[in-house]
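The values are calculated or read from the model by the stated rules, or taken from the named source; none is laboratory data. A quick note: this is a predicted structure, and the numbers were derived from the prediction, not measured. In this analysis, Cβ positions are derived from the backbone assuming ideal geometry, glycine residues included, and neighbour counts consider all displayed protein chains.
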Amino acid sequence: MDINNLREVILAFVPVCEQEREDRRMMLEYMDLFHNLLVRENEIAHFTASSWLVNADRTRALMVYHNIYRSWSWTGGHADGDADLLSVAQREAMEETGLTSVHPISPFPMSLEILPVPAHIKRGKYVVPHLHLNLTYALEADEKVPIHNRPEENSAARWFALDEAVSHSEEKDMRIIYSKLNEWIRTHE
């Protein structure tokens, strides 16, 4: 997949709220302005992929305790040159939780959002404030499979009941997004 295919994925996405409609519009504008949105070298904005990782009966979500944000969080990461953001979401989910298998509930994103990232230190290097142009995918995994954290990124991984996953987030803005993702899970069989 290349950046043009990613543009098609974003164009095909049907927003369900004003936030998704406006963020989709801005993502497409950024794609017109910048040629390097798939790599972190674009210090203004770049693509990322996240997942709302649920169990088979879709009653629990797997969250990680994110070291930088100091909060329970979804899994996800940078595109790092890969325009196939579903693949990125799957890879990051497995890397961050120790799972060896995750499956998409849908091949299409369940949500998209532009997320502000504050300045921080990562691996001893200062990272300037920037935006994550994020596509979120619904993934499924077997909750009986052992999980573990990835110490360089998170300090724990744990299954939560869907509403409990939302309430355990320390990030107020993310609770709104996680609630939206739970609604998607509950309404898509």
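Brief remarks follow.
- Residue match in segment 10-21 (condition: out of contact with any Pro (no Cβ under 6 Å at 6 or more places or on another chain), in a helix (DSSP H, G or I), of a type outside the set (D, E, K, R) and within 22 Å of residue 165 (Cβ to Cβ)): yes
- In segment 107-124, the residue that is surrounded by the most Cβ atoms within 10 Å (Cβ to Cβ) out of those that are closer than 30 Å to residue 57 by Cα and out of contact with any strand residue (DSSP E or B) (no Cβ under 6 Å at 6 or more places or on another chain) is 108.
- Residues of segment 166-189 that are assigned to a helix (DSSP H, G or I) and polar (S, T, N, Q): 167, 179, 182, 187.
- Put simply, of 183, 189, 164, 170 the only residue that is over 22 Å from residue 88 (Cα atoms), surrounded by fewer than 16 Cβ atoms within 10 Å (Cβ to Cβ) and touching a strand residue (DSSP E or B) at 6+ places or on another chain (Cβ under 6 Å) is 170.
- Residue check for residue 127: free of Cβ contacts under 8 Å to residues at least 12 places away in the same chain, under 28 Å from residue 27 (Cα atoms), surrounded by 15 or more Cβ atoms within 10 Å (Cβ to Cβ) and not small (Gly, Ala, Ser): yes
- Residue that is nearest to residue 85 (Cα to Cα) [pool: residues in segment 139-161 that are in contact with a Leu (Cβ under 9 Å, 6 or more places away or on another chain) and not in a loop (DSSP other than H, G, I, E, B)]: 139
- Complete set of residues in segment 44-78 that are modelled with pLDDT of 95 or more, surrounded by fewer than 24 Cβ atoms within 10 Å (Cβ to Cβ) and in a loop (DSSP other than H, G, I, E, B): 44, 55, 56, 57, 58, 59
- Any chance residue 29 is in a helix (DSSP H, G or I), of a type in the set (Asp, Glu) and surrounded by 13 or more Cβ atoms within 10 Å (Cβ to Cβ): no
- The set of residues from segment 153-172 being free of Cβ contacts under 8 Å to residues at least 12 places away in the same chain and of a type in the set (Asp, Glu) comprises just one member, 164.
- Pairs, first within 20 Å of residue 177 (Cβ to Cβ) in segment 15-38, second assigned to a loop (DSSP other than H, G, I, E, B), C-beta under 7 Å, six or more apart: 21/15; 24/13; 24/15; 30/37
- Residue among 91, 24 that alone is touching a Pro at 6+ places or on another chain (Cβ under 6 Å), surrounded by fewer than 23 Cβ atoms within 10 Å (Cβ to Cβ), of a type outside the set (A, V, I, L, M, F, W, C) and not in a loop (DSSP other than H, G, I, E, B): 24
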